[in-house]
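A short reminder: the numbers here are calculations on the coordinates, not readings from a lab. Worth saying up front: this structure is predicted, and the values here are computed from it rather than measured. All Cβ positions, even for glycine, are placed from backbone atoms using ideal geometry, and neighbour counts span all protein chains on display.
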Amino acid sequence: MKRVTEPEVMGALEEAVDYSKTAKIYSFFMHKPIVDEAIRNLPCFKLEDEKIKILDVGGGTGEFAIRIAKKNKFVKIYLLELSKNMLKVAKQNILREGLQDRIILVQADAKKIPFSKNFFDASFCLNALHHQKNPEDVIMEMIRVTKGAGASIIYDSLRPSSEFLSRFYANFFGIFSSRLMIKEYYDSLRASFTIREIESILNSLKINSFSLNKRFFVYFRLII
Ligand SMILES: C[S@@+](CC[C@H](N)C(=O)[O-])C[C@H]1O[C@@H](n2cnc3c(N)ncnc32)[C@H](O)[C@@H]1O
């Protein structure tokens, strides 16, 4: 199936409110294992140092950032998001958890991350790469602002092979979601990349050292 791009930003307030409801459910199945794995494997989480800085690119309504902040009391998370309304809902979620001192909201474009080289100990981009028409700039920016190798981590859906499968996954995984979210998940699947496309993007960027794996059958994990 050919890639069909979707709007870059999730701009509407209704979308942000609905997204947050859905994310609260899927966060347990997706964000939780990512946080657990990162805390187990990334050296920065062993530091017990209040200066650990984590970047959450396209951080949406904050469910992932909140999970990391609750799991490790030392980290400071910078949630970078372009949509005002996603940030508005993220702010409410963060305030409800009392984590406003440790999760910093940054309204900015992931293609031009407003931080200096090596500012972050680790950076994550979850379910946001497929929003990019050309994801190269986002990948290069994550690498630029992150210290060392192996700490720029991207997870996203893999594009199914057919429209039928996209519709099936959207309805199956969206079973507890609103109609709007099922439609958006369908659009996301059609906008996602294949493993081959990711490899070809990395190749074009001359990135040779990375780990790229399929997770279950609908996701990939890329560590650079
Ligand atoms: C599907 S949501 C994922 C949110 C969150 N990472 C999660 O896993 O629940 C993708 C988010 O990326 C944001 N986004 C897309 N392009 C962006 C860009 N260039 N810069 C910053 N945020 C962006 C969208 O506005 C949207 O909130």
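Overview of results
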| read-out | value |
| --- | --- |
| Residue in the range 148-166 that is among the aliphatic types (A, V, I, L, M), crowded, with 22+ Cβ neighbours inside 10 Å, within 10 Å of the ligand (Cβ to nearest atom) and under 21 Å from Phe29 (Cα atoms) present | no |
| Lone qualifier among Phe124, Phe115 - being more than 14 Å from Ala65 (Cβ to Cβ) and either assigned to a loop (DSSP other than H, G, I, E, B) or within 16 Å of the chain's Cα centre (by Cα) (or both) | Phe115 |
| Any hit, the range 195-209, residues being within 15 Å of the chain's Cα centre (by Cα) and either touching a residue at least 40 places away in the same chain (Cβ under 8 Å) or closer than 17 Å to Met30 by Cα (or both) | no |
| Pairs where the first residue, in the range 74-92, is free of Cβ contacts under 8 Å to residues at least 40 places away in the same chain and the second is acidic (Asp, Glu) and within 9 Å of the ligand (Cβ to nearest atom), C-beta under 6 Å, 6+ apart | Ile77/Asp56; Leu79/Asp56; Leu87/Glu81 |
| Hits in the range 184-220 - residues which are more than 16 Å from the ligand (Cβ to nearest atom), out of contact with any Pro (no Cβ under 9 Å at 6 or more places or on another chain) and part of a helix (DSSP H, G or I) | Ile195, Arg196, Glu197, Glu199, Ser200, Leu202, Asn203, Ser204 |
| Hits in the range 181-194 (condition: over 18 Å from the mean Cα position of the chain (by Cα) and surrounded by 15 or more Cβ atoms within 10 Å (Cβ to Cβ)) | Ile182 |
| Filtered residues of the range 93-122 (kept if surrounded by 14 or more Cβ atoms within 10 Å (Cβ to Cβ) and away from the ligand (no atom under 12 Å from the Cβ)) | Ile94, Glu97, Leu99, Arg102, Ile103, Ile104, Phe115, Phe119, Phe120, Asp121, Ala122 |
| Residue satisfying all of: in the range 123-136; farther than 22 Å from Ile39 by Cα and buried (at least 16 other Cβ atoms within 10 Å of the Cβ); nearest to the ligand (Cβ to nearest atom) among these | His131 |
| Odd one out for Tyr78 among (1) crowded, with 21+ Cβ neighbours inside 10 Å; (2) near the ligand (Cβ under 9 Å from one of its atoms); (3) among the aromatic types (Phe, Trp, Tyr) | (2) |
